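The structure appears right after this line, and notes come after that.
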Amino acid sequence: MNLADSTQAMNNLLGSEADSQRTLYPYVTGTSVVGIKYKDGILLAADMGGSYGSTLRYKTVERLKPVGKHSIIGASGEISDFQEIMRYLDELILYDNMWDDGNSLGPKEVHNYLTRMMYNRRNKFNPLWNSLVLGGVKNGQKYLGTVSMIGVHYEDNHVATGFGNHLARPILRDEWHENLTFEEGVKLLEKCMRVLLYRDRSAVNKLQIAKITEAGVTISQPYALKTSWDLSAFKNPTAGAEGSW
Amino acid sequence: MDVSSGDVNGPHSMGTTIIGVTYDGGVVLGADSRTSTGMYVANRASDKITQLTDNVYVCRSGSAADSQIVSDYVRYFLHQHTIQLGQPSTVKVAANLVRLLSYSNKNMLQTGLIVGGWDKYEGGKIYGIPLGGTVLELPFTIGGSGSSYLYGFFDQAWKEGMTREEAEQLVVKAVSLAIARDGASGGVVRTVTINKDGVTRKFYAGDTLPLWHEELEPQNSLLDTLSAASPEPMIS
C-alpha cells in the first residue's frame, strides 16, 4: 500500500532519467592499483586492462598519470569518469601555474581536491565511479593517499584499490619496510601484481610501474609478467578423484 | 566495489571455455582451467574434462556443483551399464544419460556439457548438451562464456577431415583466444584426445601458449629491461 508512495518519493529524490546524466553502473572498468612508499619516493603499479563487463575489451589503457610536477594518480573503476577527473586536474594545475608565484600544488593538496570532488558528487547521488590512488613527493616529504567513490580517504605507507586491498595489502603488511630501494620496491609490487594476475578475473597481463621522486615523474613502458603453472599439483589434479575439480 | 549489473532475467553466461572437436579417427576435448566465485579466481588450475568411462569424457561448464553431480551420477550409471552390457558403452548412451538428468531437472540445473568419446560402432563422436537438456550430435561444438568469442573463429577455421595434430592445435588455439578476451576463462589449456588406441591428456601452460594482439612477451621483472636498456626506458 505504501509502495506507490515510496516510489514517488524516491523518484523525486533521484530525478527523472531524462533530466540529468547520472552514473548508475560502470561500463568500461579498470581493476586494482597498488602503491607503496619507498626510500626515494612513491611507486605505483596498475595493469592496462579496460574490462567491459566480463569481456577483456581494451588492453592498453593507461591508468597511471602524472599530475603537475609533484604527483601521480592511479585510477580504478569507470574509465570515462577517470578521463573526466583528469580534465579537472589538468585545469586545476593550469590555474595554479597561471599564478606564476613560484608555488605549486603538492600531493596533499591534490588529494584533498580529489576527496572534495568525490564526496560532493556522492552527496548528489551522481558519483564518479572510481577508486583513486594519489602519490607524490614535495620538499622531501613523501605522500601516499587514496580516495574511494563515496569520498572515503586516508593516507598510508601502502595503499591499494579493489582486489588489491584483499590480495596485495596482506603481502605489503608482511614485506614492506621503511627505506626500500627502488629495486626492492619494484620486486615487491611485481609480486603483488602477479598474485592479482592469478586471482583477479579482470586482471590483464600488461602493466606499468610509475615512480615519483623529488626529481620528477617517470612511467615505465608496458610490460608483461612471467607466470608459474608447472607445479606438479596442476598437471593432473583429478587423478584418483574423478569428478572433482 | 565494482558493481556488475545487467539483465538478471537473461540467460546466465557461464564462466569457462569448453570445446569438443571430431577428427579423422577420434575426438579432441579442450577446456580452460579457471573456476571463479564472483570476481575471485577460486581455482586457477581446475580440471574441467572429467572421465565418465575409459572411452568417454565430458567437458563441464556453468555451475561447478551442478556439473559435478551430473557427471558423478552418469559415471555411476555408466559403470553399471558397462557391467550389464559386457563391453564398453557407446558415446551415445553416455550422452543420453546426461540428457535424462539435464532435461528432467532443467528448472534447477545450470550446467552446459560436451560429451565426447570413441566407441567401436561409431568411432569418434561429440554431443553438445546445453542448458535445458537438448542433445545435438555435432562435428564440433563450443560452450561456456568464453565460447562467445569463438563463433567467428570456428566459422572460419573449422574444416572437415582434420588430422589429430590439426584438431589439437585448433582446440589449443581456440581456448587460448577465448582466454585472452573472457575474464571468466584463464589459466592453462587442458586437452583430452580419445581414439581407438586410448586416451591422452595434455597440458599447455600459460607461457607456452601463443601471444595474441596487444599481448606482450612475459619477462621476470621490469628491472631486467631497465638494466639492459640504457638511459631512459621509463618515460614521463
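Just a few scattered comments:
- Within 10 Å of the Cβ of each residue in B:200-211, the mean number of Cβ atoms contributed by other protein chains is 3.
- Across region B:143-230, Cα-Cα pairs farther apart than 20 Å form 47% of the total.
- Among the GluC sites (Glu not before Pro) in region B:156-203, those placed in a DSSP loop whose Cβ has at most 15 other Cβ atoms within 10 Å are B:160.
- Applying the criteria of a DSSP loop state and at most 13 other Cβ atoms within 10 Å to the trypsin sites (Lys or Arg not before Pro) of region B:65-138 yields B:106, B:120.
- Range in chain B, longest, excluding exposed chymotrypsin sites (Phe, Trp or Tyr not before Pro) [loop by DSSP; at most 16 other beta-carbon atoms within 10 Å]: B:1-120
- Label-to-label distance, nm, for residues given as residue A:187 and residue B:122 (7 Å Cα→Cβ offset): 5.8 nm
- Spin-label model, residue B:224 to residue A:90: label points 7 Å out along the Cα-to-beta-carbon direction sit 3.6 nm apart.
- Only helices reaching 24 angstrom along their own axis (Cα) with mean Kyte-Doolittle hydropathy no lower than 0.0 count here, and for the DSSP H runs of chain B these are B:164-181.
- In chain B, Cα pairs under 8 Å separated by at least six residues give a relative contact order of 26 percent.
- 10 Å beta-carbon shell around residue B:166, net charge (K/R +1, D/E -1): -1
- Short-range pairs are left out: with C-alpha atoms under 8 Å and at least six residues apart, the relative contact order of region B:122-218 is 21 percent.
- Binning the C-alpha pair distances of the protein assembly as shown at 20 Å intervals from 0 yields a P(r) profile of 22, 44, 27, 6, 0 %, listed from the shortest bin outward.
- Label sites at residue A:174 and residue A:232, each approximated as a point 7 angstrom past Cα along Cα to Cβ, lie 2.3 nm apart.
- Sites matching chymotrypsin sites (Phe, Trp or Tyr not before Pro) across region A:123-182 that sit in DSSP coil, with at most 13 neighbouring C-beta atoms within 10 Å: A:125
- Full extension of the chain between residue B:42 and residue B:202 gives 55.4 nm of extra length, using 0.36 nm per residue less the Cα-Cα distance.
- FRET E, pair residue A:152, residue A:124, Förster distance 22 Å, beta-carbon r, rounded to 0.05: 0.85
- Note on A:115, B:141: ascending count of other Cβ atoms within 10 Å places them as A:115, B:141, the fewest first.
Where a number appears in this text, it was derived from the coordinates with a stated rule and is not lab data. Remember, it's a predicted structure, so these values are computed and weren't measured experimentally. When we count neighbours, we look across all protein chains shown, and the Cβ atoms used for this are built from the backbone with ideal geometry, even at glycine.
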